[in-house]
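S.K.: One structure follows; several queries about it will come next.
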Amino acid sequence: MTERPLTRNIYPDRPPMNLKEYENTGGYAALRKVCSTMDPAALQKLVQDSNLKGRGGAGFSTGMKWSLIPMGDKATHPKYLIANADEMEPGTFKDRLLLEGNPHQLIEGMILAAYAIQADIAYVFLRWAYHEAAALIRKSIQEAYDAGYLGTDILGSGFHLEMYLHTGVGRYMCGEETALLNALEGKRATPRAKPPFPQISGLFGKPTIVNNVETLCCVPHIVNNGAEWFKGLSYSDDGGTKVYGVSGKVKRPGAWELPMGVTMRELIEEHAGGMKPGYALKGVLPGGASTDFLTTQHLDIKMDYKSVAAAGSRLGTGTMIVLDSGTCPVGFVHNLQHFFAQESCGWCTPCREGLPWVEKILLALEKGDGKPEDIELLQMHTQFLGPGNTFCALAPGAMEPLQSALKYFMEDFEQHVGHKKCPYD
Amino acid sequence: MPRIYIDNVPFEVKAGRNLLEACLSLGIDLPYFCWHPAMGSIGACRQCAVKVFKDAEDTKGRIMMSCMESVKDDLRISVCDPGAKAFRAQVIEWLMTNHPHDCPVCDEGGSCHLQDVTVMTGHDYRRYQFKKRTYTNQYLGPLINHEMNRCIQCYRCVRFYRDYAGGKDLNVFSAHNHVYFGREKDGVLQSPFSGNLAEVCPTGVFTDKTLKEHYTRKWDLTNAPAICQHCSLGCNVIAGERYGQLRSIVNRYNSEVNGYFLCDKGRFGYEFVNSENRITQTLIRHRTAEAVDEPTLMSHLPNILIGHTVIGIGSPRASIENNYALMELAGRECFYQGLPDNQVFLEQKIVDILSAGAIHTPSLKEIEQADAVLILGEDIWNTAPVMALAVRQSVMKTAAAHVQEQVPLPGWHDAALKELAQESKGFLANMSVLSSPLDEIAACQAHGAPDDMARLGFQIAHLLNNTLPAVDNASAALLQDAHLISQQLLLARHPVIIAGTSAGSEALIRAAYDIAASLQSSERQAALAFVLPECNSMGLAMTGASSFEKALAIVQQNPDVTAVILENDLYRNMPADLVDSFFSKCRQVVVLDTLHNRTTEKADVLIPVATFAEGDGTFINNEGRAQRSYQVFMSPDKVLKEAFKWLFEMKVIRSAISNGHDVHPDEMLAGLERAYPQFKGIAAVVPPHEFRIHGARIPRESQRYSGRTAMQANKAVSEPKPLQDDDSPLSFTMEGYRGMPPAPLIPYFWAPGWNSGQAVNKYQQETGGALKGGDPGIRLFRDTGAQPAWFQDIPDAFTPRQGKWFLLPQYQLFGSGELSIYTKGIAALSAAPRAILSTRDAATLNMATGAAHYTVR
Amino acid sequence: MLSTTEKEAIDHEIGLVPHKRATVIEALKIVQQHRGWISDDSVEEIADYLGISPAEVDSVATFYNLIFRKPVGRHVILLCDSISCYVMGYKSLYAALQDKLQINFGQTCPDNRFTLLPNACLGCCDHAPAMMIDKDLYRDITIEQLDDILKKYA
Ligand SMILES: Cc1cc2nc3c(=O)[nH]c(=O)nc-3n(C[C@H](O)[C@H](O)[C@H](O)COP(=O)(O)O)c2cc1C
Ligand code: SF4
Ligand code: FES
């Protein structure tokens, strides 16, 4: 049995551990170790050495991100650390598992990350719908305060940290790290230009690090077991395990922590139990709604950042959505584009105006009102809503499933036009 | 200077700029929407895309927003790249998916930035087949019209209204493709800068409602460069006419003065020109037929001008040419300002201070660039609104400059600078009688009697310069404020002190001077700005003429006086009993004015004169900048000529000396300069009237002016001969020189591809910089480096006197203007006449809260 | 007028941030929690309390989909309409709800019992289709279960 550090103590049928139980399984040992033996620079280096990559979707090296924060006496304070627990990417439910399954693990990870960058204030930015997680985190933060893991002079290290829970009021955009900052400032969640990066000008204009929940949950384990151990957990160059998920018409949808780099086939066929009877696998969005489709030909690729990218998609959040033979790919993509168009913040032109157009074309195709030119228009959008053309990554993300659907399922699109109806109806 | 390559051609560009600014400054047409030269970049519209290449080898490049990239040495970009072009056209196609096809009925048509860019990008075929999104519009008051369906979501309106001008009641609502720009509910826009929405909005969402009442397309207007008539700042405007009516005022860019923006009084207050209350007839009173023609008037005038003492009463709202002509008619000693002693005294003090030249007086742009501002006793929000806007920019820019010291962000990166600066502000101390919206951004504010504010000022001066005396019996609050303010002013490199005449206190002017002069040092450039009441108050004050009371004394002694009153309703400026007694003593009263008022009623001879729109004239603003305002149109009533022309004819009658032709403004200015050295240089304010380019005049009408052959068809079948302008290089036709005129002669901003006002970028030396050839206007005060002469007499603290009231006029942006009130919308928005009491006085009177009426004996 | 409880809760939030205006969203949440939705009056009261303009508050309020600027029923049903629930048949669930409650997305029952809204991914894609009523999450729902579920909400 491979190691599952993040989910080892999470059981579907048991409530999560309270502080005592968490401590009994080795919880907060990492914090103790850091407080007594490591300076922030050493912790930063350790995380950099571990090859931990951000689990929020973009896969940026966490150690590298931290290294950009101003340190030392001259650095501006307060500095902020934010756990991005907005998880709203359709098809994604991995952070929920960690939040509801082991809240102290996240809190410990946050305190460690805060220590590494010498943050003064930490926020958990939690999506509104996770009520159970909210209650657990609130309780756990209190427990951590009571135990002296939060507040002033944590474990005698001279390090201070305040931690708050912020729950959102909807909008997928809040997960985009700079829009998240605006939301925390009580503003409309429109994204900010980068540069300046949040590390320099973040929350309230102060240096800020935003990390995904899963990313932060890895940190205590890296501290406890070392960078080499963490790298060794993985089947690939990227360190650690990954919480993968599968949803759609498979026998056992769910989420599992596995070594980074397991194959798609293993995930779908073993862990998810294969397709439901009567359904064949037609395609997969490997890492949430804003990743490119892969198909049966890709089943043996490793689910790590590099391999998925090489196959023409992105690991994204690592939670895959299965397109089955009974579901119309055009309708599937329409559903996605409806989501993205709704969730566009309305700041930049291509996304605000382009996505609703795309959505309408797909709906027309579904209804049998499509025209041959529509496919060209869709293609045009996949080209022009690409990275760099829009203000943030929402619209480019939206185009990934569309462009790959056009690539792999063009026949389906053409049939909609040719037969003037949806062949799956 | 970094060298960048644009489509493989090397250019030297200015450091610190973004690529869009660099391209526009080089004259390259690169479309944009959300960027604005005064507001910087936010990168939202994605219209300004270019290709950026890694190096000379890179042929693929990346699409980037030019407004969001700094120029860097050796940067390679392409504007013409097919990919970039296609993307820019696509952005327009996206915007057009929901934009109505209503150009023919849209007020913006023909001067529309969106039209410009649509044509520029080549988008012409609609592929979007679905229904358009529609919105409901809002009632935004009498000045601004709202048509939300035309919105292209560039966010400029809210960035101007809220971020730039500090307005509270316009914002962006909702999300995704439902974003909506307007108020939280229907209602009058509260910001006095709301009219700029019509110019910052790139399409027809926010438009000028007053124009709607007599709508005319930009191309059909006859335009001239004019000067705003409504306060002493002298904002540059473009005034447009059709069918003998003044129809619109838009901003005329002048980087030193108003930049890109006007206040609503200036923009909308033009309707007095079209008023029914205009004087249109020459009258000789006390006859059976009072209305007379010009020859009759001329034959009458010798009777009252020859053989009698003639005195002239000048006007702070009449041009310097008009005032000078009256001085010439009456003689220097017999020319009076037509203002009360106190006002003349105050303004004289200001003129003395500025002409001594020991301390610099700033332009509005310099105020914008100040890093600390102290306003001492002047309610600039109401008396000099665009100055208040400049002060706001100083406060915001200083805050940005502070954070830029920590994080080196370029100045154009608007959103990022705001995120970094958060709520921090530069230093502003606002001391005035009543509170104003400026208080909100002021670090320090106090409100009280003018003498008390002056005492605060003197204490500040004392703290800055201990050779100046301290204030006796100062209250703890005063000492504390003085300490804080002096400390902050000392931290500044470019502090500006602002004072004015509206509080009626000379002590304030002296105190402001002492502070500014104390701040001046080798490492600190202090400046001192004064606000005066009217558009030519400074010009009139510079004549050094005496007050109305002196004129009264003359008529009281001399029973044979003919008083010639120029554009001055004496009843507005002086107590009625004094004016009544003046008129009762005058033998003959000649009044030249534009609108009927209580003074014109007293005229024995009433002569109609041109407003700024019907005549040429030079006005001297609060910084001593002389600026020419050009005639927009020739009135069909021939008699409506400039006062100086009438006055010159009267002088000919009196002295029998003529120059042999109709007098024109250049001669007036030349004469003025000869006779009065304080006006030295003023004659060079504009090119001479015979100035031509390649033998051609500069046309007031665009090449697309339509209906010329038909517009008078109800009167004559053949096209009338175009009117001749003998006074300026401008013509009343569409023919003439088509290139770029010298800056003072720009009748409208228009360039190939740029029908909208955005064409201004073609007229600037660099985006947001001076106009080509230099901004118009001549500053008459010069910094001399003279040693300051200190003032020391500090007034006592204000103590109410038993049984006496201390009354101060309270200027209102909408309501106090003599002329602007003729605009219906402005009249409607003016507050009812009222008296404001201090809470202490109200308490002594046992006035109940909410009591509307109280009789004061 | 904001109630004392509302004010106290908002004051607490104000204490945590560098400037008052940063608590707009918190204030909206607090008021909505007490009143069910955010009326124009609520917008003005919040604006007043935070010293900002109503337009500023409403600009934020209208951005977020879970701030209700119109009255909602006693219970709010959020039916997930995102991809995994789509694949697993949320549409038939929606049809069933329309049929039972006689309302469409965005509408409230005449007796004010339910408001039915679509909601983006609820984060339980492995148990699709999912829906949330008030704070209760329902997963792996079948049409047959609907009656029993709805019964719980008076
Ligand atoms: C539209 C959009 C939504 C996003 N939503 C989330 C989210 O819900 N959770 C998350 O962790 N990251 C999300 N991200 C990614 C974040 O912007 C950011 O990259 C991430 O939180 C960084 O954390 P990491 O470095 O630990 O991955 C989103 C990005 C975009 C463009
Ligand atoms: S791509 Fe543009 S409109 Fe879309 S969410 Fe990002 S910034 Fe907003
Ligand atoms: S002008 Fe550059 S993005 Fe709008």
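The values are calculated or read from the model by the stated rules, or taken from the named source; none is laboratory data. Please read these numbers as outputs of a predicted model, since none were measured by experiment. When we count neighbours, we look across all protein chains shown, and the Cβ atoms used for this are built from the backbone with ideal geometry, even at glycine. Note: accessible area is taken over every heavy atom of the protein model, side chains too, but ligands, DNA and RNA are not part of it. Shrake-Rupley method; radii C 1.70, N 1.55, O 1.52, S 1.80 Å.
S.K.: Write down the percent of antiparallel bridges among all DSSP beta bridges whose residues are both part of the protein assembly as shown, to the nearest 5. Kindly include the intermediate steps, with their values, before the conclusion.
M.R.: Numbers: 70 of 137 bridges.
Bridges in the protein assembly as shown that DSSP calls antiparallel: roughly 50 percent.
S.K.: Grab the eigenvalues of the alpha-carbon gyration tensor for region B:419-477, scale each by 5, take roots, and send me the semi-axes largest first in whole angstrom.
M.R.: Values: eigenvalues 137, 50, 12 Å².
Over the Cα atoms of region B:419-477, the semi-axes work out to 26, 16, 8 Å.
S.K.: Let me ask something additional. Rank B:Val250, B:Ala516, B:Thr134 by how far each Cα sits towards the positive end of the charge dipole of chain B (+1 on Lys, Arg Cβ; -1 on Asp, Glu Cβ) and give me just the farthest.
M.R.: B:Thr134
S.K.: Please state the shape class of region C:75-151: rounded when a/c is under 1.5, otherwise prolate if a/b exceeds b/c and oblate if not, all from the C-alpha gyration tensor.
M.R.: Prolate, since a/c reaches 1.5 and a/b exceeds b/c.
S.K.: Still on this structure, please answer the following. Under a 5 Å amide H to amide H cut-off, with H placed in plane at 1.01 Å, what residues pair with B:Cys444 once short-range neighbours are removed?
M.R.: B:Leu428, B:Asn430
S.K.: Let me know the charge dipole size of the protein assembly as shown about its Cα centre in debye, to the nearest 20, where only the beta-carbon of Lys, Arg (+1) and Asp, Glu (-1) is charged.
M.R.: 1380
S.K.: Continuing with this model, one more query. Could you list, in their original order, any pairs among C:Lys70/C:Lys91; A:Lys420/B:Lys131; A:Lys74/B:Lys72; A:Lys282/B:Lys51; A:Lys251/C:Lys152 whose Cα atoms are separated by more than 27 Å?
M.R.: Over 27 Å Cα-Cα: A:Lys74/B:Lys72; A:Lys282/B:Lys51; A:Lys251/C:Lys152.
S.K.: Also, I was wondering about something else. What does the charge dipole of region C:75-151 about its Cα centre add up to, to the nearest 20 debye, if the Cβ of each Lys and Arg holds +1 and the Cβ of each Asp and Glu holds -1?
M.R.: Working: 6 positive and 10 negative charges, 31 e Å.
For this selection, approximately 140 debye.
S.K.: So what's the gap between the Cα centers of region B:38-74 and region B:93-120, to the nearest angstrom?
M.R.: A separation of 25 Å, based on Cα centres.
S.K.: Separate question: Could you give me the ³J(HN,Hα) list for region C:74-82, computed from phi with Karplus coefficients 6.51, -1.76, 1.60 and θ = phi - 60°, whole Hz, x at Gly and Pro?
M.R.: Per residue, the Karplus-derived 3J(HN,Hα) values read 5, 10, 10, 9, 10, 9, 6, 10, 8 Hz.
S.K.: For B:Val188, project a label point 7 Å along Cα to C-beta. Then give me every residue of region B:157-177 with its amide nitrogen under 18 Å of that point.
M.R.: From region B:157-177, the list is B:167-170.
S.K.: Hey, another quick one. Looking at region A:350-410, which trypsin sites (Lys or Arg not before Pro) are DSSP coil and have at most 16 other C-beta atoms within 10 Å of their C-beta?
M.R.: Nothing satisfies the criteria.
S.K.: While we're on this one: Once label points are set 7 Å from the Cα along Cα→Cβ at both B:Asp29 and B:Val119, what is their separation, rounded to one decimal in nm?
M.R.: Once both label points are built, they end up 0.8 nm from each other.
S.K.: How many percent of DSSP beta bridges within chain B run antiparallel, rounded to 5?
M.R.: Antiparallel: roughly 55 percent of the beta bridges in chain B.
S.K.: Please compute one quarter of the surface area of the Cα convex hull for chain A and express it in square nanometres.
M.R.: 19.5
S.K.: Shifting gears a bit: Can you compute 3J(HN,Hα) from phi for each residue in region C:54-63, using the Karplus curve 6.51 cos²θ - 1.76 cosθ + 1.60 with θ = phi - 60°, rounded to whole Hz and x for Gly and Pro?
M.R.: x, 4, 5, 5, 5, 4, 6, 4, 7, 6
S.K.: While we're looking at this one, here's another question. Please work out whether chain B counts as rounded, prolate or oblate from its C-alpha gyration tensor, where a ≥ b ≥ c are the square roots of the eigenvalues and a/c under 1.5 means rounded, while otherwise a/b larger than b/c means prolate and anything else oblate? Intermediate values should be presented prior to the final figure.
M.R.: Details: a/c = 1.72, a/b = 1.24, b/c = 1.39.
Verdict is oblate for chain B.
S.K.: Continuing with this model, one more query. Going toward the positive end of the dipole of chain C, with +1 on Lys and Arg Cβ and -1 on Asp and Glu Cβ, which of C:Ser92, C:Ala130, C:Val76 do you reach last?
M.R.: Farthest along the dipole direction, towards plus: C:Ser92.
S.K.: Once the Cα gyration tensor of region A:339-411 is diagonalised, what are the square roots of 5 times its eigenvalues, in whole Å and ordered largest first, as equivalent ellipsoid semi-axes? Please report the intermediate quantities before stating the final value.
M.R.: Values: eigenvalues 83, 35, 19 Å².
Equivalent ellipsoid of region A:339-411: 20, 13, 10 Å, largest first.
S.K.: I've got another one for you. With equal scatterers on the alpha carbons only and no solvent term, can you work out the Debye log10 of I(q)/I(0) for region B:708-771 at 0.17 1/Å?
M.R.: Each listed q maps to, in turn, -0.75.
S.K.: Further, regarding this structure: Using the alpha-carbon centroid of each, what span in Å lies between region A:135-208 and region B:755-797?
M.R.: Between the Cα centres of region A:135-208 and region B:755-797 lies a distance of 47 Å.
S.K.: Dipole magnitude of chain B about its Cα centre, charges +1 at Lys/Arg Cβ and -1 at Asp/Glu Cβ only, in debye to the nearest 20?
M.R.: My answer is approximately 1780 debye.
S.K.: Would you grab the residues whose amide H sits under 5 Å from the one on B:Ile313? Only those 5+ places off in sequence or on another chain, please, with H modelled 1.01 Å from N.
M.R.: B:Tyr336, B:Val564, B:Ile565, B:Leu566
S.K.: Something else: With the Cα gyration tensor of the protein assembly as shown giving a ≥ b ≥ c as the square roots of its eigenvalues, does the rule (a/c under 1.5 for rounded; else a/b larger than b/c for prolate; else oblate) give rounded, prolate or oblate?
M.R.: Details: a/c = 2.35, a/b = 1.85, b/c = 1.27.
Judged from the Cα gyration tensor, the protein assembly as shown comes out prolate (a/c at least 1.5, a/b above b/c).
S.K.: With every protein chain left in place, what is the accessible area of A:Glu100 in Å² (1.4 Å probe, nearest 10)?
M.R.: Counting only protein heavy atoms, A:Glu100 exposes about 40 Å² to solvent.
S.K.: Here's a follow-up. Of B:Lys772, B:Lys218, which has the most accessible area with a 1.4 Å probe, and how do the rest follow in descending order?
M.R.: Result, largest first: B:Lys772, B:Lys218.
S.K.: Distance between Cα centroids, region B:430-495 to region A:67-132: provide it in whole Å.
M.R.: Distance between centres, Cα-based: 47 Å.
S.K.: Averaged across C:17-25, how many Cβ atoms of other chains sit within 10 Å of each residue's Cβ atom?
M.R.: The shielding value for this peptide is 6.
S.K.: In the Gaussian network model of chain A, springs joining C-alpha atoms below 10 Å, which of A:Asn225, A:Asn84, A:Asn211 carries the largest mean-square fluctuation?
M.R.: Maximum among the listed residues: A:Asn225.
S.K.: Given points 7 Å out from each Cα along the Cα-Cβ axis, report the B:Ala797 to B:Leu578 separation in nanometres with one decimal.
M.R.: 3.2
S.K.: Taking all protein chains together and a probe of 1.4 Å, list A:Glu108, B:Glu69 from the most accessible to the least accessible.
M.R.: On the way: A:Glu108 0, B:Glu69 55 Å².
Descending accessible area places them as B:Glu69, A:Glu108.
S.K.: Using the Karplus equation 6.51 cos²θ - 1.76 cosθ + 1.60 (θ = phi - 60°), what ³J(HN,Hα) coupling, rounded to whole Hz, does each residue of region B:143-156 give in order, writing x for Gly and Pro?
M.R.: Karplus-based 3J(HN,Hα) across region B:143-156 equals 10, 10, 9, 10, 9, 5, 4, 7, 5, 10, 6, 8, 6, 5 Hz.
S.K.: Quick one: divide the alpha-carbon radius of gyration of region A:19-232 by 2.2 N^0.38 Å and tell me what you get.
M.R.: 0.93
S.K.: Let me ask another. Tell me the mean residue ellipticity at 222 nm calculated for chain B from its helices only (DSSP H runs of n ≥ 4, each -39500 (n - 2.57), averaged over every residue, nearest 500).
M.R.: Values: 25 runs with 239 residues, N = 857.
Computed mean residue ellipticity for chain B: -8000 deg cm²/dmol.
S.K.: Rounded to the nearest 5, what % of DSSP beta bridges with both residues in region A:241-324 are antiparallel?
M.R.: Looking only at bridges with both residues in region A:241-324, the antiparallel portion is about 75 percent.
S.K.: What residues have an amide H closer than 5 Å to that of B:Gln764, excluding those fewer than 5 places away on the same chain, when H is modeled at 1.01 Å from N in the peptide plane?
M.R.: B:Lys772
S.K.: Divide, for region B:1-104, the radius of gyration over alpha carbons by 2.2 N^0.38 Å, where N is the residue count.
M.R.: Working it through for region B:1-104, the quotient is 1.11.
S.K.: At a probe size of 1.4 Å, how large is the accessible area of C:Ile143, to the nearest 10 Å²?
M.R.: Counting only protein heavy atoms, the figure is 70 Å².
S.K.: Next up: Computed from the mean reciprocal separation of all distinct C-alpha pairs, what Kirkwood hydrodynamic radius does region C:4-63 have, in Å?
M.R.: It is 11.2 Å.
S.K.: Next up: With the dipole of region A:109-169 worked out from charges on the C-beta (+1 for Lys and Arg, -1 for Asp and Glu) around the Cα centre, which of A:Thr167, A:Gly156, A:Ile111 lies farthest toward the positive end?
M.R.: Of A:Thr167, A:Gly156, A:Ile111, it is A:Thr167.
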